[in-house]
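The values are calculated or read from the model by the stated rules, or taken from the named source; none is laboratory data. Everything quoted here is computed from the prediction, not taken from an experiment. Glycine also receives a Cβ, built like all others from the backbone with ideal geometry; neighbour counts cover every protein chain displayed.
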């Protein structure tokens, strides 16, 4: 193994100590837990680069389902920097490591007991999460029932040059219903002057959406309501609002399953000023999963904004400026 700190003796000692600590900590972890296996590998690669593969691979062999070719392929897929070495030490401490000398490799019985404990904890957390979601669902349905249809002169709709499509309001606070594929409302997104956009506390978000328009030969999917209103008004196509970039995949898969054969286009937020452009990255992944397409708003240089509504508002400003000349 090539050590990184080769110029000074102190550099060598720091590297050696780091490797010893990693070797000591990783022994405490169960290699047959895939989530831990992946996170440990990413942490080691972030710290040591490809020099860390031998450490990770040797430890991985303690798993019953270890395959050398799989380990090598997965290692190559790891991106450095996303998970740091601190994660490895945290996981090790969660599994009994104290960093006080050498660690004994846990027995198979200990590994199985830890796995059962994790499964019991996860099951309990899942039960609690489902109960919280159900309670929030009742509140969302109640708020939706007493709200009134949003007027066209709502402050947010005027700001966004958008129309109300199946949304309601409480005072000047907009309520966007978030439903599942059966039409059940589990959450409402609120948009108000003071807090901006927010979801209900402990309410479900993943897989939920708001639909604008009737079914058409093509279906559009985007993140925010204003974007959805804009692209529907400009194209006439049915539009699904997924609310977040991280929810695009789940919504796209649901739309694809419910509407086989329909053309699906992900209308991405162009987060060009954010590292990795998550809006476009998530839209590309979702489109690839369902055989769809991606549309990206083409902002002129120097124009702020990220989505198709921002571009629409910008163009409306140009038109308004021309009318005032």
Could you say whether any residue in segment 103-126 is touching a helix residue (DSSP H, G or I) at 6+ places or on another chain (Cβ under 6 Å) and modelled with pLDDT under 95? yes
So if I check each of 16, 25, which one is outside any loop (DSSP other than H, G, I, E, B) and at pLDDT below 85? 16
Those residues of segment 135-153 which are surrounded by fewer than 19 Cβ atoms within 10 Å (Cβ to Cβ) and under 22 Å from residue 231 (Cα atoms) amount to 149, 151, 152, 153
Residues that are within 28 Å of the chain's Cα centre (by Cα), on the phi < 0 side of the Ramachandran plot and not assigned by TED's automatic domain parsing to the domain that holds residue 29: which helices (runs of 4 or more DSSP H) entirely in segment 40-157 hold 3 or more of them? 108-146
